[in-house]
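Worksheet for the structure shown next.
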Amino acid sequence: IALADDAQQAIAQLRLSGQLALAGFGETQQNALLRDRDTLREQLDVLLLKWPQPLSVQSAHWQLGNTRLSAEWANGQTLWRTATDTHNTGTQWLQVSLRPGAVTEGKKENQQARLDTLSHLWLHHLAACASGTPTTSVQIGFDAAVEFLPVTADTAQAHLQNLCDAYLQAWAQPLPIAAKTACAYVMGLAAEHKDPMGKAQAAFEGGFGKSGEYADSPALQRVFHSFEDIQPTLADWAARLYEPMHKAAKVIHLSADHAEEADA
């Protein structure tokens, strides 16, 4: 709904599909959806001022060690734009995803990106950068936006090779890691939380009326029995798989001021 050209039509589709409550409750939901759409759209409009042209589907292939990797992006999963850099006369790309929720965690002065929402954006970002075209990727939420700046093709390919190597290991034996749990650990460590491993355990097990990642994942339940099964090596795997993404993620606030800074 955030990108729908006709918001009322999108709302009507939700109502007909039974996803909105009846009578006044449904109207309240409808108004909230429209407000949410406007919040995301305002930020998106600011960002797209410098990126006027849609990007067509792209693909590339790499030999990463013993692995041949093929990737495709700008294929509809996220929004892509292209522009020419007026300073270097080169082509650059922009990837944007919209999240109808928060994209950061922590107080404003210590905000950091919510890593568990960024994996797909990060993978497409690496693929695009690895192809040799400088790419900026942004996830827009209600509270702020998270930005990945361009990295060199060699750096992106090194990150992709690390992920491919881990993927191959996972085929031989399930990796002792859970995605949201590992992200909670990395974020807790970065925020200097007094017990980042405890924060990870809470994400894994849940509590206070909130289910944890383990209860929500049949895949984890098939191979692990408890948090103790992944705890001994969680820190190492979290650093390998999610720390590079965390270091690259920058919290920004899209506004008219942001547009003026881009002009400068």
Taking the simple approach of a point 7 Å from Cα along Cα-to-Cβ for both GLU192 and THR152, what is their distance in nm? 3.2 nm
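Just the number, please: carbon plus sulfur as a percent of the accessible area of region 109-263, 1.4 Å probe, no ligands or DNA/RNA counted. Let's see the in-between values first.
Details: 4190 of 7920 Å².
Carbon plus sulfur share of accessible area: 53 percent.
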Using the heavy atoms of the protein chains alone and a 1.4 angstrom probe, what is the accessible area of region 72-196 per residue in square angstrom? 48 Å²
Taking 0.36 nm per intervening residue step and subtracting the Cα-Cα distance, what contour gain separates ALA235 from SER119 on full extension? 39.9 nm
Virtual spin-label span in nm between LYS108 and THR67, 7 Å along Cα→Cβ: 4.2 nm
In region 134-236, which trypsin sites (Lys or Arg not before Pro) fall in coil by DSSP and have 15 or fewer other Cβ atoms within 10 Å? LYS194
Amide H of LEU98 versus every other amide H placed in the peptide plane: which residues, excluding those fewer than 5 positions away on the same chain, fall under 5 Å? ILE140
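Given R₀ = 35 Å, FRET efficiency for PHE208-ALA166 by Cβ-Cβ distance, to 0.05? Mind dumping the intermediate values first?
On the way: r = 32 Å, r/R0 = 0.92.
About 0.60, to the nearest 0.05.
Could you put LYS50, LYS247 in order of accessible surface area, largest first, with the 1.4 Å probe and the full protein assembly present?
Details: LYS50 100, LYS247 155 Å².
Result, largest first: LYS247, LYS50.
Using R₀ = 35 Å, calculate the FRET efficiency as 1/(1 + (r/R₀)^6) where r is the Cβ-Cβ separation of LEU48 and ALA219; round to 0.05.
Values: r = 37 Å, r/R0 = 1.06.
So, using R0 = 35 Å, E works out to roughly 0.40.
The values are calculated or read from the model by the stated rules, or taken from the named source; none is laboratory data. Given the structure is predicted, the values throughout are model-derived calculations rather than measurements. Heads up, the Cβs are rebuilt from the backbone with ideal geometry, glycines too, and the neighbour counts pull from every protein chain shown. For the accessible areas, the whole protein counts, side chains as well, though only heavy atoms, and no ligand, DNA or RNA atoms are used. Shrake-Rupley method; radii C 1.70, N 1.55, O 1.52, S 1.80 Å.
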